[in-house]
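Heads up, the thing below is written out as structure tokens.
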Amino acid sequence: MAIDKTLYDRLGGKPTYVTVHKIFYDKAYAHPWLSRYFTDKPQELLENQQTDFMIQLMGGPKCYSGKSPKSAHQHILITDELFELRAQMLSESITEAGISDELRDEWLAADATFQRALVKTSEDECVRAYPTQPVLNFQR
Ligand code: HEM
């Protein structure tokens, strides 16, 4: 029965994530504020990590081997405003990939479960993995 299928299956599997994340990171890397967080990261690497992570999160094969979202972002000041800007950009990217509003909302709900773990209110909450690691905090 269709209802038993995972969100990963209902989205059409890996090609859908590859398409959405290409659209999404093209926008993120072109955005005057969000792009500043990605200056030393190759876009393709982020696209691949995000694809593997989301596939696993939504019931697909276990293929993600990176850090947990909380530890990957511990040195980044992500405010609610920045998180919501990213969520809006993701929403537009999913729609542009031709996905239905129902499936888009399920994707965004899965993504939003990380808001509390990622959002910080001040730079004091940022943690460096090693002493010279830069804290990423850019003003709009
Ligand atoms: C405004 C919000 C966000 C910003 C500015 C942001 C920024 C970044 C940056 C700069 C990296 C590279 C970190 C590094 O390698 O040092 C990264 C990695 C990553 N991000 Fe985000 N991120 C945001 C939200 C999210 C969300 C909501 C998710 C999914 C739940 C996510 C998933 C990931 C994953 C899976 C990686 C790879 C982690 C690893 O393997 O090290 N990010 N992000």
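Bear in mind that the values in this text are calculations on the coordinates, not laboratory data. As the structure is a computational prediction, the values presented were derived from the model and not from experiment. Glycine also receives a Cβ, built like all others from the backbone with ideal geometry; neighbour counts cover every protein chain displayed.
Angle of helix 43-57 to the longest C-alpha principal axis of the chain, folded into 0 to 90 degrees and rounded to 10: 60°. Against the chain, whose longest principal axis is taken from its Cα atoms, helix 80-96 shows a tilt of about 30°. Taking every DSSP helix (H) stretch of at least 4 residues in the chain, weighting each as -39,500 (n - 2.57) and dividing the sum by the residue count yields a mean residue ellipticity at 222 nm of -15500 deg cm²/dmol.
For the stretch 18-105, applying the loop criterion from DSSP together with a ceiling of 13 other beta carbons within 10 Å to the trypsin sites (Lys or Arg not before Pro) yields Lys62, Lys67. To the nearest µm²/s, what D does Stokes-Einstein give for the stretch 5-140 at 10 °C and 1.306 mPa s, using the Kirkwood radius over alpha carbon pairs as Rh? For the chosen part, D equals 102 µm²/s. What length, rounded to one decimal in nm, is gained on full extension from Asp124 through to Tyr29, with 0.36 nm per residue of separation minus their alpha-carbon distance? Full extension from Asp124 to Tyr29 adds 31.6 nm. The Ser71 and Glu92 beta-carbon pair, evaluated with R₀ = 41 Å, returns a calculated FRET efficiency of approximately 0.90.
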